Amino acid sequence: MQVFLSQLMLGLVNGSFYAMLSLGLAVIFGLLGIVNFAHGALYMLGAYAAYIGLERFGINYWVALVVAPIVIGALGVVIERLFLRHLYKIDPIYGLLLTFGLALIAEGVLRYSFGVSGQTYEKPELLSGATDLGFMVLPDYRAWVVVASLVVCLGTWFLIERTRLGATLRAGTENPALVQAFGINVPLMVTLTYAGGAGLAALAGVLAAPVIQVTPLMGSSLIIIVFAVVVIGGMGSILGSIITGLALGLVEGLTKVFYPEASSIVVFVIMAIVLMVRPAGLFGKEA
Amino acid sequence: MFKLKSSLSACSLALAAVFATAPAHAQVSGDVIRIGFITDLSGLYADIDGPAGAEAIRMAVADAGGNVAGKKVEVLVADHQNKPDVAAAKAREWFDTQGVDMLVGGTNSGTNLAMAKVAQEKKRLFISIGAATSALTNEQCSPYTVHYAYDTTALAKGTGNAVVKAGGKTWFFLTADYAFGTQLQTDTTKVVEAAGGKVLGSVRHPLSASDFSSFLLQAQQSKAQILGLANAGGDTINSVKAANEFGITKTMKLAGLLMFINDVHSLGLKATQGMYLTDSWYWNRDAETRAWSRKFFEKFKRMPSSIQAGDYSATLQYLAAVKATGSDDSDKVLAQMKKTKINDVYAKGGWIRDDGTMVHDMYLMQVKSPDKSTEPWDYYNIVETFKGEAAWTTKSETKCATWK
Amino acid sequence: MADGQAIPVAPIAHPAASTAQLSRLGLAVGLAILVLAPFIGLYPVFIMTALCYAIFACAFNLLLGYTGLLSFGHAAYFATAAYMCGWLVRSAGLPPELGIVAGVATSALLGLVVGFIAIRRQGIYFAMTTLALAEMAYFVFLQWRSVTGGEDGLQGVPRGKLLGTIPLAGAPHDKLFGVLPIPDDVVMYFVVLAVFVAVFLFIRRIVHSPYGQVLKAIRENEPRAVSLGYDVDRYKLLAFVLSTAIAGLAGALKSIVLGFASLSDAHWSVSGEVVLMTLLGGMGTFAGPVIGAFTIIGLQNLLSDRVGEWVTVIIGAIFVVCVIAFRRGFVGELLAWLQRRKRQ
């Protein structure tokens, strides 16, 4: 029972990261139609922004939680304006390939600067304790991660699905001409949406930094799983990716109890099954 | 309809590309002695060997005079990125096109096994220094492989026995999932069981894993007394950190089966004090090692690991053998090296056995407590010395087909 | 969402008869260079590796350039055949030609299974499906340590004797005509070259056949092809299996040439690289993938010693540049330029 609960707990922590990252991906794909392969790199850059902020500028963790997403969001603006802008009218495959190339560039530059083995980013003082839950000792920081991601995820979902701003956003990407006719600056909205997705990825990166090593490879190892989550959840559905992300973390945790070796493939097995049975994903909108 | 117009230009372009980028066959080295060094330059093992290991080799070349037997000595360095296929391809290319006479193997057992095969095929000398797997002198032994510094058998016999004797009877292994980890686990299991202990279970983690939490929880569930860390470098550091974070250290004792001084430095004495480890060399062992290590320290601002000292020594001994035979032919030089005793800053009275092992003393060390350490990097007490062949595979145990 | 939209490729040129002669000359010249390469001082192992990847890229191009399907997990078929062939030749003592055949068959089978699952989806969903299934293959290779060797890879695949008589390792004589030095690997080299030429001609045959015309029709306008009565899914599935089989051929060949099959072969970055080779060389052209393969392999070889980490950056930059400004690739751009010139 102990084994069960403790792995489930860890699974929940992982699930929070999956949820946050797939949320950003779903936002970008759902609203802009771009398969953002650079999402893992943006996540990694967020973690490095926090690390460099601490080492060079003395910016502590709590400030980094705000600063890093803004910095990486700005990078997102640049990427959208410079590159993605030209790709909306042509096959989405090109968006995938371009962002893939950007991810490689980011990874290569960081590898050159920092090497592959990674940097340690210390947890903030406030969260460096641990609580004995009985079935395991849970470091406080990991509990914080779960809480923070849930708040951010639900907040974003609410923003997009339930507010006026979100409605305008969704309308703008479905029918830009019409919305533009209302005097709304659609290109700006699109840019800010991409930047928002990038910021979300960066935030996940800052949250992850104290848990795993800050390494240039942290994005590429995660991105494939996150894609699988998004495909399972339904590529345009925001709520779908949040729920699927969390659920998948739990399923992975469970698999580690019974058949640890399979824990890395279980995502893909589920994805294959879902694709055969419900090709649009569990919450997908496509027919 | 053919797209042949394209093919015309295509072929010219292909031709250009081929000429521009294909390496040419070099003359097999006539006038230059080339030493090739392939190791992990930027990954999780970069500190214990890495670029500083390459420098150690260059130090040895400089100390041998830069010129040996009338020929210049050149050092080539490459990064295998912990991928055996990259290491093998690079080794093959160097032997075929760069006239490399001797290949030095850095860290990562998988890559060294691959390089040993290539060296055997090309009949060139291969000195493995950074790798641990005892398979290099057992199942995969070759007349061209010299395993110079340490191996998993020595580590198991040293640390395994010491920990069981100190009361650690039940074990659980956290193992790096490749050649080195599995071999270390196998060898240590043999020793633990022979000493009356029991292995309750094990779990494998991917190389360079970032998060050990779920593996450590599995370890804790086993209720074993000892958590044997069958991994190295960055993986060991992260395992120890996570074990502390999740309170594993309250119920289990950690046994770092392969630890280097760089790891202890990273973790600090507080986290590692009392841990046993087996190593082939310690910078603070005697006056000679101290003098050499200070030179190294000036360059790198850290003390050399046993692997880096091994890089230096192997290169020095190789060049001495080249000088003595007047040739860089692998067969001749190897025969000369096997005839000569090794006496330098690294080993005293060392010699190369027919299975390829460089037999020398190994040391069981224990990490000092913070109050007992008198200066930076003063981390170890030498608890026991395994002289000569004591730590190594014996003839009755060996799986090397050609060593009878 | 541009789900079923075709991927824009280079315009199909219809050169006049005179250029066909020029082009035949070009092919002959290219072939002559490849035949002479080991004797003029180029490293045969490098060219063999490039040829294997060229075969891989040609297989990929058959699917992307001519059928319009982007498979983002093609490395899985390359690796599957490499492992199967390598394991059979090393551990079961099979001769190399049988090992290669077994490798091709295994990849084709895997392609059939994946294709069956993925074919119903279009565009990006198809790509993601193939990617995820390839990732599953990667983890199977990682876990099935007893056969694949896990992180250590499958090492020590011998070259053996082709057809039981022709040794593939080493060289038959030391000097050609007593003058030209013959490098090691020369027999293996010509075997690989022969296979490459055969694959090249085979793919051209497929594309120019009636079947190939249907594939082109599907790529240009799938709904219309359906309305004309073609069982589109069957055509696509066959193309997919052909593509994976040839990719398998490349992988099996590579395992014999280098004596190695490893996890790197199955990693999704290899899938990405083969996309790049095709994109850079020119999608939907014959020579494009070959040029792309030689360029990328050459770049990696040239730069890995000198600038190490920057190889990834450069490959990424090439991706970006290609997508933004060079979508037709070397050969495609060349063809377009020639067409413009003809019009003037």
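Size of the stretch B:196-247 from its Cα atoms: along the principal axes, largest to smallest, the extents are 32, 20, 14 Å.
Close amide-amide hydrogen proximity is noted between B:Val199 and B:Trp171, each under 5 Å apart and 5 or more residues distant or on a separate chain (H modeled in the peptide plane; Pro and chain starts excluded).
Annotation: extensible slack from B:Val32 through B:Thr394 equals 126.5 nm (criterion: 0.36 nm per residue apart, minus Cα-Cα distance). Measuring from centroid to centroid over Cα atoms, what is the spacing of the stretch B:116-147 and the stretch A:7-45 in Å? Rounded to whole Å, the Cα centres lie 45 Å apart. Only Cα pairs under 8 Å and 6+ residues apart enter the sum, and on that basis the relative contact order of chain A stands at 38 percent. Label-to-label distance, A:Gln180 versus B:Lys165, with points set 7 angstrom from Cα along the beta-carbon direction: 8.2 nm. When only alpha carbons are used to place a centre, the stretch B:232-300 and the stretch B:334-389 end up 16 Å from one another.
Classified by the C-alpha gyration tensor, the protein assembly as shown has an oblate form. Its axis ratio a/c, with a ≥ b ≥ c, is 1.5 or above, and a/b does not exceed b/c. Taking the number of Cβ atoms within 10 Å of each Cβ as an exposure proxy, the fewest-first ranking of B:Asp85, A:Asp91, B:Asp47 is A:Asp91, B:Asp85, B:Asp47. Direction-averaged projected area, Cα convex hull, chain C: 19.6 nm², rounded to one decimal. Counted by neighbouring Cβ atoms within 10 Å, the residues A:Val27, C:Val241 run from fewest to most as C:Val241, A:Val27. Largest first, the extents of the alpha carbon coordinates of the stretch A:2-277 on the three principal axes equal 60, 50, 34 Å.
Cross-link partners for B:Lys198 among the lysines, with Cα-Cα distance under 21 Å and sequence neighbours closer than 8 places in the same chain left out: B:Lys157, B:Lys165, B:Lys169, B:Lys190, B:Lys223, B:Lys250, B:Lys253. For B:Lys72, the lysines whose Cα comes closer than 18 Å to its Cα, not counting residues fewer than 8 places off in the same chain, are B:Lys323. Centre-to-centre, using Cα atoms only, the stretch B:156-214 and the stretch A:107-137 are separated by 25 Å. Hydrophobic long helices, here whole DSSP H runs in chain B with Kyte-Doolittle means of at least -0.5 and Cα atoms spread over 24 Å or more along the helix axis, are found at B:4-21, B:306-325.
Rank C:Ile166, C:Gly99, C:Phe200 by how far each Cα sits towards the positive end of the charge dipole of the stretch C:89-205 (+1 on Lys, Arg Cβ; -1 on Asp, Glu Cβ) and give me just the farthest. So the residue furthest toward the plus end is C:Phe200.
Each of C:Trp144, B:Trp171, A:Trp144 has some number of other Cβ atoms within 10 Å of its Cβ, and from fewest to most they run C:Trp144, A:Trp144, B:Trp171. Counting Cβ atoms of other protein chains within 10 Å of each Cβ in A:86-99 and taking the mean gives 6.
Taken together, the values in this text are just the output of simple stated rules run on the coordinates, not laboratory data. Because the structure is a prediction, the values reported are computed rather than measured. Cβ sites come from the backbone with ideal geometry, for glycine too, and all protein chains shown count toward neighbours.
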